[in-house]
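Below is one structure, written out as structure tokens, with a few remarks after it.
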Amino acid sequence: MKNKLLVINIFSGVFYVLGASGYITYVTKYIEVQFHKSSARANIVVGPAILLSMVLGFILSGAIISKAKPTPKFLLGWNVVVGIFFIIGEITYMFISCEDPNLIGYNRLTNSVDVHNVCNSECSCENLKYAPV
């Protein structure tokens, strides 16, 4: 606890992991909804990407730190810069999506649903009680 720089760096790492854990947990669901992908397809893309980025990050950072031997203040500044880029990336990621599919009976201008249209007016459905399996 005497090395204030180390303690601050550890706290920043803890808060970084707490902030990123929610994103990492739900990134597959985000890809399903925003990009209209199946759950399996989203997991096939996200799983290896997260695993590889973590492994490469640990290996490269360990190799660079052991070879270059930067000062603790430089490492702290580097962590701040990387954290800022992470936050900027997450904010921009919220605005990337595919166009919503057209839903039959939904009017985007009035934001209303019309269930009485040509597509479903003559469906000849019997008036049976709904009984799911």
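Laboratory data are not the source of any read-out in this text; all were calculated from the coordinates shown. Owing to the predicted nature of the structure, the values given are computational and were not obtained by experimental measurement. Here the Cβ is made from the backbone with ideal geometry for all residues, glycine too, and neighbour counts use every protein chain on show.
Tabulated data
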{"read-out": "In the stretch 4-99, lysine pairs closer than 28 Å at Cα, eight or more apart or cross-chain", "value": "4"}
{"read-out": "Principal axis dimensions, the stretch 4-99 - Cα atoms, whole angstrom, descending", "value": "47, 23, 19"}
{"read-out": "Paramagnetic label zone (point 7 Å from Cα along Cα-to-C-beta, Val33; backbone N under 17 Å) in the stretch 79-99", "value": "90-99"}
{"read-out": "In nm, spacing of pseudo-spin labels at Met54 and Ala68 (7 Å Cα→C-beta vector)", "value": "2.4 nm"}
